[in-house]
There are 2 protein chains.
Amino acid sequence: MTALNLPALDRSALDWDAAFSPQARRLSSSAIREILKITQSQDMISFAGGLPAPELFPLREVREAANTVLDRYGPAALQYSSTEGHLPLREWLSARAGIDAANVQIMTGSQQTLDLVGKLLIGEGDAVLVEAPTYLGALQSFNPYGPKYVQMAADDEGIDVDALEGLLERQRAKLLYAVPNFQNPTGRTLSLERRRRLLELTARHGVIVLEDDPYGALRFSGEALPSLYELSLKMFGGPEHSHVIYSGSFSKVLVPGLRDAWVQAASPLIGKLVQAKQGADLHTPTFNQMIVAELVETVMPAQIERVRAVYGERARHMMAQMDAHFPAGVTHTSPQGGMFLWVTLPQGLDTAALLKRAVERGVAFVPGAPFFALGGGHNTLRLSFSSATLEQIERGIAALGQSIREALA
Amino acid sequence: MTALNLPALDRSALDWDAAFSPQARRLSSSAIREILKITQSQDMISFAGGLPAPELFPLREVREAANTVLDRYGPAALQYSSTEGHLPLREWLSARAGIDAANVQIMTGSQQTLDLVGKLLIGEGDAVLVEAPTYLGALQSFNPYGPKYVQMAADDEGIDVDALEGLLERQRAKLLYAVPNFQNPTGRTLSLERRRRLLELTARHGVIVLEDDPYGALRFSGEALPSLYELSLKMFGGPEHSHVIYSGSFSKVLVPGLRDAWVQAASPLIGKLVQAKQGADLHTPTFNQMIVAELVETVMPAQIERVRAVYGERARHMMAQMDAHFPAGVTHTSPQGGMFLWVTLPQGLDTAALLKRAVERGVAFVPGAPFFALGGGHNTLRLSFSSATLEQIERGIAALGQSIREALA
């Protein structure tokens, strides 16, 4: 060995900031995350989080499924497994969608779908069309890859497709990201006619559509609509001709803590996604996939019915309370499903400032601005109705109404 | 609504290849993965995979832990949880390492660590120092970020630090990636003196070290060595002064199918890693983290002892069989732990061609070339001794010896 005859070591800490990559510099902490930390006190009524109602979780059934899976598969339930995912689960999903298992990839939560689809499709400077407002988590996943966001106008029927048509004529785009059902954060749903037009326009202009659909099954009023992906299969002649990447998730229809989700798409995209996932986490936990596969037929349908009924009751109660307690000039969306609704205050009011008042009165929400990729929305806010009791909704909305009145005064 | 008066849709499939991002183009399928598919027939004796021995999995204990966790935590075991990870698990890890929980982040398998550390540190064209050969999965994780690989020479004591010193004087580098204990694929271990020098050299040149240590606890002969991370804490004065990012994993010391791993590093790196992980999968599955936390004290120590004993027996048997059956001019490493060893054939022999012969004789391995970031190694191969029985090792090594003799003839 060479003798250790070296100068004294510099004990100053490394300059990590200087070491971070360009993609790391584009990362930032979620504004929501910081708010959630502040509002986690015991007495706070929080409409801020996006948590499914834990009291509805099928705890006993998950427990039984975990035991069944370990009995049936033995050590294989705890061993490495294929990147594509547990075949019985992929087959169940593909049969339900009328596609092939080769068009289905299991993911570690739909957040992983956003990250890896972003990685596969977004080159630095590529235009990505997003709703305004859009799901904040998608921006966080996409940001490292350096997209150029282009905001799409929307109204109560969702994305304004006439405006989109004009936009696509002026602007080349790589990807359109949308949550067509009960959108996070607005609760809005894209109408059937607009779904068709959106698909035609994007197909014509060669824009890939990433359809994020965590809430689609949670409709509590109105009629079910086909997903963009389902429509695209009919309009374009099957899964290999679809330009839609469908992101599904078990988080809202079973439980989120197992982190099980899936993608449906044309096989060239799935093939590349498998490669990206190999490098990202090898595979989704084997045990968790097997547990979910055990529950999709026997437990999930009734679970969805239960969740729909409870969320519907909570949403209706929250809307009624807002109509009773909020001053004139404050409007809200009227979601037909999902977990969220969106409140717009008179121009000039800042919901970040309002949050401080509201927290003093014991109620929390998420200010709307972080959901806009290109800024704006300072007079908007998001409320989640999924995990509050009716009594909490009453007290919380009354307190929020008081806070708004104060801010207006 | 605007009438749907649009030209007939083009039903030709989208050109996905043209749509993929620069980072997606740098992805490729694992050579090993394709080989594993070929060799999954019933009768094949496979030394190709890197699978922990499933017959040693603590199946009953995992089952009990799963039930305990659901009883104790209820719905919280299945709910969303913090990106940083389950606090009791982070605290257990940090206490063991003598650092703060703020220096520990839970990951979804150590493959995620490779991906996200790559994302945070590798800008396009940044020099990344890797062993030759190195862990293939690291190359797959790093590749999308566009590194410029620089290979470090190595011998039976691991990385040649004299050569490294010269290299660092000529070549600015961002990151050094190494598996110091029982390396995948060679089974080699970096000596203590070289560990110190490697740390001094990299500190002096401002090169961050990513220490990948999935096998460190699986030593079956020789004396335990401190990890680079442990040494760095002593040499540089604590976790905030370390330039080592330590990647640990529960896959080889408990079970791999839960996908639970962790990182220890200075808090600025952890802080950025939390942001990257939020965008990558929100958090590691809650249930799985709680199960692992339940097992680390009560089950893991005995599990490690059991695995060490069995792998040691298998490794010694494989080495004895090779010494008996392999022709002169074929050499192998002599690992003191882990799951792998490395065989070098005479120059000119191609192990990809040898694999075809060997598979005909009912035995499989992984050719060595894919483990070299910059090519070469065509006369090398990797054998895994972790999941074969002694009898399979006898038959398999005899058959492989025959195949090598044939190829030499």
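The values are calculated or read from the model by the stated rules, or taken from the named source; none is laboratory data. Treat the numbers as computed from the prediction; the structure is a model and nothing was measured. Neighbour counts are summed over all protein chains in view; Cβ atoms, including those assigned to glycine, are modelled from backbone coordinates with ideal geometry.
Looking across the range B:195-212 at every residue that is closer than 24 Å to B:S141 by Cα and of a type in the set (D, E), the one that is surrounded by the most Cβ atoms within 10 Å (Cβ to Cβ) is identified as B:E211.
For every residue, the table says whether it meets (1) within 20 Å of the chain's Cα centre (by Cα); (2) under 30 Å from A:S251 (Cα atoms); (3) assigned by TED's automatic domain parsing to the domain that holds A:A309.
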site: A:A358; (1), (2), (3): no, yes, yes
site: A:G362; (1), (2), (3): no, yes, yes
site: A:F371; (1), (2), (3): yes, yes, yes
site: A:I393; (1), (2), (3): no, yes, yes
site: A:A398; (1), (2), (3): no, no, yes
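Within the range A:229-283, the set of residues being surrounded by 22 or more Cβ atoms within 10 Å (Cβ to Cβ), of a type in the set (D, E) and either more than 7 Å from chain B (Cβ to nearest Cβ) or within 17 Å of A:A101 (Cβ to Cβ) (or both) comprises just one member, A:D260. Residues of the range A:195-226 that are more than 14 Å from every other protein chain (Cβ to nearest Cβ) and of a type in the set (G, A, S): A:G216, A:A217, A:S221, A:G222, A:A224. Looking at the range A:353-409 only, could you name the residues that are closer than 19 Å to A:T331 by Cα, charged (D, E, K, R) and outside any helix (DSSP H, G or I)? Of everything in the range A:353-409, just one residue is closer than 19 Å to A:T331 by Cα, charged (D, E, K, R) and outside any helix (DSSP H, G or I), namely A:R382.
For (1) more than 17 Å from the chain's Cα centre (by Cα); (2) surrounded by 23 or more Cβ atoms within 10 Å (Cβ to Cβ); (3) of a type outside the set (S, T, N, Q); (4) more than 11 Å from chain A (Cβ to nearest Cβ), each residue gets a yes or a no:
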| position | (1), (2), (3), (4) |
| --- | --- |
| B:K148 | yes, no, yes, yes |
| B:A153 | yes, no, yes, yes |
| B:E165 | yes, no, yes, no |
| B:Q171 | yes, no, no, yes |
| B:Y177 | no, yes, yes, yes |
| B:N184 | no, yes, no, yes |
| B:R188 | no, yes, yes, yes |
| B:E193 | yes, no, yes, no |
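Within the range A:57-98, the residues that satisfy the criterion of being over 25 Å from the mean Cα position of the chain (by Cα) and outside any helix (DSSP H, G or I) are A:Q79, A:Y80, A:S81, A:S82. Of the strands (runs of 3 or more DSSP E) contained entirely in the range A:169-253, those carrying at least 2 residues that are small (G, A, S) fall at A:244-249. Screening the candidates B:Q289, B:Q321 for the property of being among the polar types (S, T, N, Q), closer than 28 Å to B:L116 by Cα and assigned to a helix (DSSP H, G or I) yields one hit, B:Q289. Pairing residues of the range A:115-126 that are at the interface with chain B (Cβ under 7 Å from one of its Cβ atoms) with residues that are in a loop (DSSP other than H, G, I, E, B) and of a type in the set (K, R), at Cβ distances under 8 Å and at least 6 apart in sequence or on separate chains, gives A:L121/A:K174; A:I122/A:K174; A:G123/A:K174. The residue that is modelled with the lowest pLDDT, among those in the range B:385-409 that are surrounded by 18 or more Cβ atoms within 10 Å (Cβ to Cβ) and touching a Pro at 6+ places or on another chain (Cβ under 9 Å), is B:S387.
No other residue among B:P133, B:P52, B:P88, B:P75 is within 9 Å of another protein chain (Cβ to nearest Cβ) and in contact (Cβ under 8 Å) with a residue 12 or more places away in the chain apart from B:P52.
Take A:G137 and tell me if it is over 20 Å from B:R259 (Cβ atoms), part of a helix (DSSP H, G or I) and not hydroxyl-bearing (S, T, Y). Judged against the criteria, A:G137 is a match.
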